[in-house]
1. Among the residues in region A:132-154, are any within 13 Å of chain B (Cβ to nearest Cβ), farther than 21 Å from A:GLU240 by Cα and among the hydrophobic types (A, V, I, L, M, F, W, C)?
2. Looking only at residues in region B:171-182 that are open to solvent by 70 Å² or more (accessible area, probe 1.4 Å) and more than 23 Å from the chain's Cα centre (by Cα), which one is farthest from B:VAL237 (Cα to Cα)?
3. If you check A:ARG37 against the conditions, is it modelled with pLDDT of 95 or more, within 28 Å of A:ASP293 (Cα to Cα) and either in contact with a Lys or Arg (Cβ under 9 Å, 6 or more places away or on another chain) or not assigned by TED's automatic domain parsing to the domain that holds A:GLN310 (or both)?
4. Looking only at region A:218-236, decide whether some residue is open to solvent by 50 Å² or more (accessible area, probe 1.4 Å) and on the phi > 0 side of the Ramachandran plot.
5. Residue under question is A:PRO85, and the condition is that it be open to solvent by less than 50 Å² (accessible area, probe 1.4 Å), more than 29 Å from A:PRO6 (Cα to Cα) and touching a residue at least 12 places away in the same chain (Cβ under 8 Å); does it hold?
6. Take region B:324-339 and flag every residue that is farther than 11 Å from B:PHE204 by Cα and open to solvent by less than 30 Å² (accessible area, probe 1.4 Å).
7. If I ask for residues that are among the small types (Gly, Ala, Ser) and open to solvent by 50 Å² or more (accessible area, probe 1.4 Å), which ones from region B:214-243 would you list?
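The values are calculated or read from the model by the stated rules, or taken from the named source; none is laboratory data. Just so it is clear, the model here is predicted, and its values are computed rather than measured. Note that we place each Cβ from the backbone using ideal geometry, even for glycine, and neighbour counts take in every protein chain shown. Heads up: the accessible areas ignore ligands, DNA and RNA and are worked out on the full protein's heavy atoms, side chains in. Shrake-Rupley method; radii C 1.70, N 1.55, O 1.52, S 1.80 Å.
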Amino acid sequence: MTDDRPILALIPGDPTGIGPELTARILAEGKLADVARFVVVGDRRVLERGARFAGVTLEIAEVASPAAARFDGPVQLVDLGNTDPDALPLGEADAEAGRLTGETLARAIEFALAGDVEAITFAPLNKRALYDGGWRFPDEHKMFAHLLGHAGQFSEMNVLDGLWMTRVTSHVALREALDQITEARIVDALHLADRTMKGAGIDAPRIAVAALNPHGGEGGLFGREEIDIIAPAVERARAEGIDCRGPFPSDTVYLKAFRGEVDSVLAMYHDQGQIATKVRGFMKGVTITAGLDTVFTTPAHGTAYDIVGQGTADTGATEAAIRLSARLAARRRAEALEPQGM
Amino acid sequence: MSGAPRPPAQAGSAPAAKPLALTCGEPAGIGPEIAARAWETLGARLPFVWIGDPAHLPRGTPVREVTHPSEAPRVAASALPVLRHAFPAPAAPGRPEAGNAAEVIAVIARAVRLAQEGAVAGLVTGPIHKKALQEGAGFSYPGHTEYLAALAGVDRVVMMLACEHLRVVPATIHVPLAEVPHLLTRDVLMQTIRLTHAGLRRDFGISVPRIAVAGLNPHAGEGGAMGREEIETITPVLEALRAEGLVLSGPLSADTMFHAAARAHYDAAVCMYHDQALIPIKTIDFAGGVNVTLGLPFVRTSPDHGTAFDIAGQGRADPTSLIAALHMAERMAHARRAA
């Protein structure tokens, strides 16, 4: 019988944070073995120290590449030998740790480009450390797109309990975000969200679109973007087959999603989306990079420097990230295998 | 979040507290019906006098007309105490009468006079419809709050939204988001924080208020990488006010300052724009939010919703926010008396 579980690269994340202990605990418990075949890409010393922190034992087998992995026994590790965790400050954002985290991710991306892994799930990293370590991107999603040579559209999405939150603009100054909100970008973002959710098995995604101004602009009294940009974009996307509605005032649009009236909300700017979702516990959720050829998922929470090394970090969000990665990868494979013309 | 001391459950031998005044607001909206519902819930436990035309109240509401607010606590056990204010026209749900507009405004002015005379402990205002007042009576104020400030002879007030778990104050309010970066000057921010600080002391009984201040940009600008307003405007204001002894944190990343653990560290959050303040409070407590005006010589609260013309007169309107506004006004009045 063939093994059709997707092959997933698991990255321990920033070595100064809780990532390695999360990774070690999940591998030791083995309870996700039914959803994916894992290859850890990273440094053996980092994974072993994570296991110590988590209070678990791992049997590790080193392989030269994921292509050489055998998935019936010990943890399969591509040991990059690049990171000595004891030389880095534990529980702090550190530029060298950021540089090495980026380097490790870059190696995993090479394996994905070679077709040796089908998806990448990474334990928490620190954006600041990554940037200070020389990976000059405002977030990891832009870094992935760059390393993949991806020219088209992509976006971060935040997923929790079947809700998929996304936004038109991301890690830019509010002034710049305002300039970047155009009809074309909104329509593209709606298509991307629709496509990504369908790729995760949601057959008819319903999307609510947030307004930009207070009270949705109140008929043009507090701004005209709703009238001039957002409403026409929603109309166009609807005409192109997307089940989207709006613009809705942003102080209550997320409540529609939390009540189950829609599957997704498209925000216009970072804080508009992140305030409601984080209040609602999306830190327990998953962040994915939508629109790239490689599937990337990560827990939405951060490196939790305050509890590093105690073995108490909750693996829930990372487990959810792995499950989502596996689901997206499995469906991609199924679609690729479908006969042409279907 | 540390709140005001609660009034004692038993009044004991202390003189009876004055009632609150509740204005009718737009009679074609849900104001009258939620007033009747609030009285049903609160009765004599939290006495208020409703100012308006009794003919606008839902049929069957037990009403007792009074000639002075001081009679309200006595009658509130058995009927809604009403200070009659005659309107020229009946109220048609959802369709404001132009002829009633001048009286909607006059009721507000009358309530302010009662507050200024000390006849009521504070003011709770029913929702008005700005456009109806503009068209019916040439009302020229941008809103309720500005009109109250003008009546009280005050230059600047701030709007606070409060629920049990969070208080927020937007530094800019009903303006296009694109104008916010220009409107957000050091002066505006400084006044907003000062009024918030003074209001927390006077109206909420918090002797050393802790105020959290949000950044404007994602991750509060991340050291200038994503916007410079934090460096050029917000931080200098915070430094100047800290030098005066105010306890301030910020500029904070707006997306991580509103979850329960973060909220434990402050008494109010000053936000840079409307939705930055409204999104968290609506997400935390959709129905129970109260609008509070800080900086007036009297206590003023209002429910955090509008006239809801679409459901007016159907008996479906939810009085939760009005009841919360009455409770909040009572606590604020108590804090002022205790000061």
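1. Scanning region A:132-154 turns up at least one residue that is within 13 Å of chain B (Cβ to nearest Cβ), farther than 21 Å from A:GLU240 by Cα and among the hydrophobic types (A, V, I, L, M, F, W, C).
2. Among those residues, the one meeting the criterion is B:GLU179.
3. yes
4. Looking for residues that are open to solvent by 50 Å² or more (accessible area, probe 1.4 Å) and on the phi > 0 side of the Ramachandran plot, one finds at least one in region A:218-236, hence yes.
5. Numbers: open to solvent by less than 50 Å² (accessible area, probe 1.4 Å): yes; more than 29 Å from A:PRO6 (Cα to Cα): yes; touching a residue at least 12 places away in the same chain (Cβ under 8 Å): yes.
Against the criterion (open to solvent by less than 50 Å² (accessible area, probe 1.4 Å), more than 29 Å from A:PRO6 (Cα to Cα) and touching a residue at least 12 places away in the same chain (Cβ under 8 Å)), A:PRO85 qualifies.
6. B:ALA324, B:ALA325, B:LEU326
7. Kept after step one, since they are among the small types (Gly, Ala, Ser), are these residues of region B:214-243: B:214-215, B:220-221, B:223-225, B:227, B:240, B:243.
If the condition is that a residue be among the small types (Gly, Ala, Ser) and open to solvent by 50 Å² or more (accessible area, probe 1.4 Å), then B:GLY223, B:ALA225, B:ALA243 are the ones that fit.
Each row is one residue, and each column tells you yes or no for (1) in contact (Cβ under 8 Å) with a residue 40 or more places away in the chain; (2) assigned by TED's automatic domain parsing to the domain that holds A:VAL187.
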site	(1), (2)
A:ASP79	no, no
A:PRO89	yes, no
A:ARG99	no, no
A:ARG107	yes, no
A:ALA123	yes, no
A:ALA129	yes, no
A:TRP135	no, no
A:VAL159	yes, yes
